[in-house]
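Have a look at the structure below, then the notes.
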Amino acid sequence: MAVTGRLSSTEPNLQNIPIRYEEGRRIRKIFVPRDSDHLLLSADYSQIELRVLAHFSEDPVMLEGYEKDSDIHKVTASMVFDTPLEEVTSDQRREAKAVNFGIIYGMSDFGLAENIDIPIEAAKDYIEKYFAKYPKIKAYLDSQVNFAQDQGYVKTLLGRIREIPDIKSSNFHLRNFARRTAMNTPIQGSAADIIKMAMIEVYKEINKRGLKSKMILQVHDELIFDVKKDELEEMKKLVEDKMTGIVKLKVPLRVGMSVGESWYEL
């Protein structure tokens, strides 16, 4: 298990097969159901870390966006670029998405500039505008750093603790990394807790109903099942109900599903 609380696998590392590259896509084609009477089912939490951030920060814009099931990256782009929502371009959405997820990891202006290939000055301006539009997110992230400095640790939604001893280090780089860890751990760690609890409840329900389908893999925010064809619809509903109902956040949890005859098709 990783320090964030996420499950990890080795030999082989199934959670880091690079889907963006042809080699990774070819590797995924070899993962298939057990026989012709089965299919693979993928259930993937939608933007769970941003939803956890909305829950913790109680930022009204993010809360409203997720309550209305809006495209949160378009909402961010509209605010950061002062553009009407319906006029947001795909490039603006892509950059806003990088900012949204970068904020979770305490990304610097330098890191954001490298990530989306823009000048540092522009990246700095993006981040400043982001926090101006989402002040409660800035306040929440600062509060986590302050808590870590006072207590030496931070906590996830379920109270799981991660100690951060370097938060008071005299070494700038160690201290800076510790600050980013303090911001990210409650978010990423809570997401990890949520999917592990969902896995337990799904497993219990499959056994309770005497189904032949099996949960075979967890990859970050996604669960993959080997599903008997005549159990497919029941499994889809079972999995969605358990994954979306496992905790009560201030925003709804959403799950995207896909079905295929190989991991590649998912």
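The values are calculated or read from the model by the stated rules, or taken from the named source; none is laboratory data. Computed from a predicted structure; not experimentally measured. Reconstructed Cβ throughout: ideal geometry from the backbone, glycine too, with neighbour counts over all protein chains shown.
Does segment 160-167 include one or more residues that are at pLDDT below 90 and basic (K, R)? Show your work before the answer.
First, the residues of segment 160-167 that are at pLDDT below 90: none.
No, there is no match, as no residue in segment 160-167 is at pLDDT below 90 and basic (K, R).
Quickly run through segment 131-159 and pick out the residues that are closer than 16 Å to H55 by Cβ and assigned to a loop (DSSP other than H, G, I, E, B).
Matches in segment 131-159: Y134, T156, L157, L158, G159.
Are any of the residues in segment 209-217 modelled with pLDDT of 95 or more, touching an Asp or Glu at 6+ places or on another chain (Cβ under 9 Å) and in a helix (DSSP H, G or I)?
yes
Could you identify the single residue in Y134, Y153 that is surrounded by 20 or more Cβ atoms within 10 Å (Cβ to Cβ), of a type outside the set (A, V, I, L, M, F, W, C) and touching an Asp or Glu at 6+ places or on another chain (Cβ under 7 Å)?
Details: Y153 fails: surrounded by 20 or more Cβ atoms within 10 Å (Cβ to Cβ).
Criteria check complete, one pass: Y134.
Say we look at segment 34-77 and pick out the residues that are polar (S, T, N, Q) and either crowded, with 21+ Cβ neighbours inside 10 Å or under 27 Å from E265 (Cβ atoms) (or both); which of these is farthest from the chain's Cα centre (by Cα)?
Checked segment 34-77; the qualifying residue farthest from the chain's Cα centre (by Cα) is S36.
Working carefully through the options I200, I206, I224, find the one that is among the hydrophobic types (A, V, I, L, M, F, W, C), loosely packed, with under 15 Cβ neighbours inside 10 Å, at pLDDT 95 or above and not assigned by TED's automatic domain parsing to the domain that holds A139.
Exactly one of I200, I206, I224 is among the hydrophobic types (A, V, I, L, M, F, W, C), loosely packed, with under 15 Cβ neighbours inside 10 Å, at pLDDT 95 or above and not assigned by TED's automatic domain parsing to the domain that holds A139, namely I200.
Which one of these does I137 not meet: (1) of a type outside the set (S, T, Y); (2) in contact (Cβ under 8 Å) with a residue 60 or more places away in the chain; (3) more than 18 Å from M107 (Cβ to Cβ)?
If we test I137 against (1) of a type outside the set (S, T, Y); (2) in contact (Cβ under 8 Å) with a residue 60 or more places away in the chain; (3) more than 18 Å from M107 (Cβ to Cβ), just (3) comes out false.
Among the numbered criteria (1) closer than 20 Å to T181 by Cα; (2) out of contact with any Phe, Trp or Tyr (no Cβ under 9 Å at 6 or more places or on another chain); (3) free of Cβ contacts under 8 Å to residues at least 60 places away in the same chain, which single criterion is violated by D71?
Evaluating D71 over (1) closer than 20 Å to T181 by Cα; (2) out of contact with any Phe, Trp or Tyr (no Cβ under 9 Å at 6 or more places or on another chain); (3) free of Cβ contacts under 8 Å to residues at least 60 places away in the same chain leaves (1) as the failure.
Does Y126 meet the test of being in a helix (DSSP H, G or I), at pLDDT 95 or above, not assigned by TED's automatic domain parsing to the domain that holds I246 and not hydrophobic (A, V, I, L, M, F, W, C)?
When the stated conditions are applied, Y126 does not pass them.
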